[in-house]
Amino acid sequence: MSSFFSYLIAGISLGGIYALIALGYTMVYGIAKMLNFAHGDVIMIGGYVAFTAISTMQQPVWIAVPCAIIACILLGVVIEKVAYKPLRSATPLAVLITAIGVSYLLQNVALLIFGSQARNFTSVVPDDFSVSLGSINISGETVVTILASVAIMVALTLFVNHTKSGKAMQAVSEDRGAAQLMGINVNRTISLTFAIGSALAGVASVLLCSTYPQISPYTGAMPGIKAFTAAVFGGIGSIPGAMIGGVVLGVIENLSKAYISSELSDAIVFAVLIIVLLVKPTGLLGKKINEKV
Amino acid sequence: MKKFTLSKPAKDRYITYGMLAVIALVVQLYITYGDASRSFKGLLVPTCVYILAAIALNLVVGISGELSLGQAGFMCIGAYVGSTFSVMTEELIASSALRFPLALLLGGMVAAVFGFLIGIPVLRLRGDYLAIVTLAFGEIIKSVFNNIYLSTDKNGLFFSIGVESKANHEFDAATQVDYIKGAMGISGTPRDSTFLICMVVIFIAMFVMLNFIDSKQGRAVMASRDNRIAAEAMGVNVTRAKMTAFVMSAFFAGVAGVLYSHNLNTLQASTFNYNLSIQILVFVVLGGMTKMRSVMIATIILYVLPEALRGFNLSNYRMLIYAIALIAMMLINNSAAIKRVREFLRAKFARNKNVGGEV
């Protein structure tokens, strides 16, 4: 039984990381109505920035982590301005292909700079953070990940519901045209959304690379896709949906890794996505919107 | 005397067929009578495989306007099914002229069935779901096929996903034959893929797809791409139209996989990764996403050119250049600012022409 609980807690921690990434997807999707394929690769770049700061430049953690977050924010905003903004009125297919191009570009830039070999990432969490509950040992990374994701989710919920910028984000995602008429600066709101999403990606990158202490140019791709799955699971565009979806997916993945098959756990996670789309295409908390002509 | 005329789409189609015939003839003559290098011969079948996969993907991306990232997954299914069939029946059906078409058909059909199953949940939805589900599908296929074991002995067939149950199974060692060996894949596939067979298959695929595009169903697909609501209002069954295109694309991707696997000694599922799907997508996008012929030409140029330039140490930058080309293409074709510049230039040149005409 205790092994079940330790798998469960590790799953919740992984789910917290997925939730942070999924929030980035879901917020951008809600506002810009686009699937930001490059989000996973922003995480990878954040991880490499933290890696360079810690291992190559021997900087302490309290410098490395903010560096990674700031790099992610800058990258996210620049990508939005250069690649996505000119395509606001283009077809969804064109935007999606551009996003895939950006994702591919980031992977290949990282490949040229850092090489294809996976590097060992030094965890940012000190060893003495680990906790023992009876017979269950919880690693420091797990503790920090769970605490950090909970804190960020609470802060984000407060921000979106109780500040002017947060309400502007809601308004733009509801109806961009009407929001503009109400005097909301749509471009700035979209940039802000990308910045927040990328900041969460920055946090997620450090937590992810500390939990699985390796980094390669493909580190971001898989968690990115899974986090998107989580966002769809919870209902794309819904912030609480992304949080629930992320945690549920993380638990499913870890339990199937432990009890079914470690090689097939990815396949199981994606099978969940397909089943969800079959049964409830709008996800757990998604709203069905009728299209107007 | 009545002049023999062709309608524009028909003319267009005959140009494509003619082009295929000329390519097939010239290259075949060159490899038979000319001194074609080994590396040139080695490029032929893969190029054909990519052409087939790309024109099949164009049916989904270009004609039906949905993004599929699972082309590699369908190729993987086709490759595994075709290879397994060929290896198992190599003694039963000795003539490769009979066995190989059966393998092609079987690989394509199984891929098409999977395409249908994937299409059911996804094509009812709109937006980016197809992209993400096909991507997920590709990953599932890759990881499942990486763990498949298939063997026979005198007690019959043994099949498992995951190595544990194979390790626990008691085989009759004398008659045990392993066909699919997990991550080691399939080895010993007869090398039936020749350039000419590939060209014939491409020709058939082109014929089927071009006729489909010009048919009632094909027009329905394009109508739902251009305006889903208007098409629905006109009585087009959008889901069915898109499904037809998607299943057909999956079929030909499966066939491409069979061609691919019959050109290799060892087939491994890890070949059919996300990068392969993206690479095929790049061919389609840079081919303009509308005409099958342009996609074919783009594939030839984009696949053969970097291979030919391998000696110049460009291969490291190949993927980078693909990525930049993809973004640049989308921005140039769709960005509002660049559209304005183009219209401005067009207006300017048109006026100059008029002025010239008046003088």
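What to note about this one:
- Residue list for the stretch B:175-201, restricted to those being among the basic types (Lys, Arg) and either open to solvent by less than 20 Å² (accessible area, probe 1.4 Å) or not in a loop (DSSP other than H, G, I, E, B) (or both): B:Lys181
- The residues of the stretch B:317-328 that are over 21 Å from the mean Cα position of the chain (by Cα) and more than 7 Å from every other protein chain (Cβ to nearest Cβ), listed by number, are B:Tyr317, B:Ile321, B:Ala328.
- Residues in the stretch B:114-131 that are β-branched (Val, Ile, Thr) and either without any contact (Cβ under 8 Å) to a residue 12 or more places away in the chain or open to solvent by 10 Å² or more (accessible area, probe 1.4 Å) (or both): B:Ile118, B:Ile120.
- Any hit, the stretch B:48-71, residues being away from every other protein chain (no Cβ under 14 Å), farther than 22 Å from B:Met292 by Cα and open to solvent by 10 Å² or more (accessible area, probe 1.4 Å): no
- Qualifying position, being surrounded by fewer than 19 Cβ atoms within 10 Å (Cβ to Cβ), away from chain B (no Cβ under 13 Å) and closer than 20 Å to A:Val150 by Cα, among A:Ala195, A:Ala199: A:Ala195
- Qualifying residue in the stretch B:202-219 (condition: surrounded by 21 or more Cβ atoms within 10 Å (Cβ to Cβ), β-branched (Val, Ile, Thr) and not in a helix (DSSP H, G or I)): no
- Filter result (farther than 19 Å from B:Phe195 by Cβ and hydroxyl-bearing (Ser, Thr, Tyr)) within the stretch B:88-107: B:Thr89, B:Ser95
- Every condition in (1) open to solvent by less than 10 Å² (accessible area, probe 1.4 Å); (2) farther than 30 Å from B:Phe100 by Cα holds for B:Thr299 except the one numbered (2).
- Among the residues listed as A:Gly76, A:Gly47, the single one being farther than 22 Å from A:Asn120 by Cβ, assigned to a helix (DSSP H, G or I) and in contact with a Ser or Thr (Cβ under 7 Å, 6 or more places away or on another chain): A:Gly76
So that you can scan it fast, the table gives a plain yes or no per residue for (1) among the β-branched types (Val, Ile, Thr); (2) under 20 Å from B:Phe207 (Cβ atoms); (3) in contact with a helix residue (DSSP H, G or I) (Cβ under 8 Å, 6 or more places away or on another chain):
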position: B:Val61; (1), (2), (3): yes, no, yes
position: B:Ser64; (1), (2), (3): no, yes, yes
position: B:Gly73; (1), (2), (3): no, no, yes
position: B:Cys76; (1), (2), (3): no, no, yes
position: B:Ser83; (1), (2), (3): no, no, yes
position: B:Met88; (1), (2), (3): no, no, no
position: B:Glu91; (1), (2), (3): no, no, no
position: B:Arg99; (1), (2), (3): no, no, yes
position: B:Ala103; (1), (2), (3): no, no, yes
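- Inside the stretch B:13-33, residues that are open to solvent by less than 50 Å² (accessible area, probe 1.4 Å) and modelled with pLDDT under 90 make up a count of 1.
- Matching entry among A:Ile152, A:Ile136 (being open to solvent by less than 40 Å² (accessible area, probe 1.4 Å) and at pLDDT below 90): A:Ile136
- The residue that is farthest from B:Leu281 (Cα to Cα), among those in the stretch A:112-128 that are out of contact with any strand residue (DSSP E or B) (no Cβ under 9 Å at 6 or more places or on another chain) and open to solvent by 50 Å² or more (accessible area, probe 1.4 Å), is A:Asp128.
- Some residue of the stretch A:38-60 being buried (at least 24 other Cβ atoms within 10 Å of the Cβ) and polar (S, T, N, Q): no
- Note on the stretch B:303-340: among residues that are at pLDDT 80 or above and of a type in the set (Gly, Ala, Ser), the one that is farthest from A:Ile79 (Cα to Cα) is B:Ala325.
The values are calculated or read from the model by the stated rules, or taken from the named source; none is laboratory data. This one's a predicted model, so the numbers in the text were calculated from it and none came from an experiment. Don't worry about glycine lacking a Cβ; one is built from the backbone with ideal geometry, like all the others, and counts go over all protein chains shown. All accessible areas refer to the heavy atoms of the entire protein, side chains included, with ligands and DNA or RNA removed. Shrake-Rupley method; radii C 1.70, N 1.55, O 1.52, S 1.80 Å.
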